[in-house]
Amino acid sequence: MATTTAAVTLTSDLLSDNISVTTDTTCMKGGTTADGLDQMDMGYIEIATGDQYDLFDADNALNKNKANKVYISNDSTDETYYVTITIDATVVGRLYAGDWMFIPWGAEDATADIEIEAINGTNKVSYAYFHEGRTLIAS
Amino acid sequence: MATTTATITLSSSDLLSDELSLATTCTLTEAGNSTGLISTSGLGRKTTASASQYTLFAAADYTDDKAHKVYLKNTETAAGLYFLISIHDVEVGRIYAGDWVFLPWSADTTSDNADFKITPSSSASHTLEYMLFAE
């Protein structure tokens, strides 16, 4: 079993008491502590403005309602640049230059793709997808 | 100006033949500029006792389409207990026991009412920690 650990630390001086939250999780298959996610895709792309693109395709029974994890980082440096993250035609949020996100992805149906659109300029995006399997397209 | 940072580390020594070690830190700033976010819910905790859907953050309470960020952690230890995260009526994914999440949130009220919702996997006691950073 592959062991992949995702750790996060959040710190802030916003409050009169400092915020310092640290936690980690081992990326497991859905509903088990015995078997880790053992497949992944990882990449880096530059996305031009003007269209919305499928970053991850939900049309895959192996994804559906699992504990798969998605990491996306906007590596752009211009603070006005951002990418919109959309699932099933609903905008989840904006990932501005330098921001990252880490989410579970249920890929509940064929339209639940994770889509991305670059705003204000060509955005540089890194991503990783930890999953239970991906159906390859027959050639 | 307040400074809030979020650091993620993804690591594995046996997923690939080469060790995976990825670390990224971001400073949470307002949309389109370098001013730090100045609002937070603080760290909260909720225990549910039904399988109903709960609205954790209502979009109408926040400004649309900014650089809001949400942190969640499922503090349960029984592997089968999860929270399903939904935004508007779209299911994002399940956070199982021990898992955490950090994501941007649109709080959009123009095209969709993008309330941030959670649904426990059953009526058994489920506990969630959460924190929102907002503009």
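Coordinate-derived values only; no laboratory data. Please read all numbers here as calculations on a predicted model, not as lab measurements. Cβ placement follows ideal geometry from the backbone for every residue including glycine, while neighbour counts extend to all protein chains displayed.
Model label sites at A:Thr111 and A:Thr22, defined 7 Å from Cα along the beta-carbon direction, differ in position by 4.5 nm.
For an R0 of 41 angstrom, estimate the FRET efficiency from the Cβ-Cβ distance between A:Thr11 and A:Ala61 and round to the nearest 0.05. With R0 = 41 Å, the Cβ-Cβ based efficiency is 0.50.
How would you rank A:Leu37, A:Leu55, going from fewest to most other Cβ atoms within 10 Å of each one's own Cβ? Ranked by crowding around the Cβ, least crowded first: A:Leu55, A:Leu37.
Just to check, using Stokes-Einstein with a Kirkwood Rh over alpha carbon pairs, what's the diffusion coefficient of segment B:37-134 at 25 °C and 0.890 mPa s in µm²/s? For these conditions, the coefficient is 181 µm²/s. Each label was represented as a point 7 Å from its Cα along the Cα-to-Cβ direction; for B:Thr27 and B:Ala58 these points are 3.5 nm apart.
Sorting the Cα pairs of the protein assembly as shown by distance into bins of 10 Å, from 0 upward, gives 7, 31, 40, 20, 3, 0 percent per bin. Compared with the direct C-alpha span, the chain from B:Glu135 to B:Ser17 gains 38.2 nm at full extension, assuming 0.36 nm per residue. When A:Met101, A:Met1 are sorted by how many other C-beta atoms sit within 10 angstrom of their C-beta, beginning with the fewest, the order is A:Met1, A:Met101. Each residue, B:Ala51 and B:Asp89, gets one label point 7 Å from its Cα in the Cβ direction; the gap between the two is 2.1 nm. Can you figure out the FRET efficiency of B:Ser39 with A:Thr122, using R₀ = 35 Å and their beta-carbon distance, to the nearest 0.05? With a Förster radius of 35 Å, E is 0.65. Between segment A:51-109 and segment B:1-27, what is the C-alpha centre distance in whole Å? The distance from the Cα centre of segment A:51-109 to that of segment B:1-27 comes to 17 Å. Computed from the C-beta positions of A:Met1 and B:Thr7 and an R0 of 45 Å, the FRET efficiency is 0.95 to the nearest 0.05. Within segment B:69-87, whose backbone N sits under 16 Å from a point 7 Å along Cα→Cβ of A:Ala34? The answer is B:78-81, whose backbone nitrogens lie closer than 16 Å to the label point. Each Lys and Arg contributes +1 and each Asp and Glu -1, all at the Cβ; summed about the Cα centre of segment B:56-135, the dipole is approximately 300 debye.
Taking the Kirkwood radius as the inverse of the mean 1/r across Cα pairs, report the Rg/Rh of chain A. Please report the intermediate quantities before stating the final value.
Working: Rg = 16.4 Å, Rh = 16.3 Å.
Dividing the radius of gyration by the Kirkwood radius yields 1.00.
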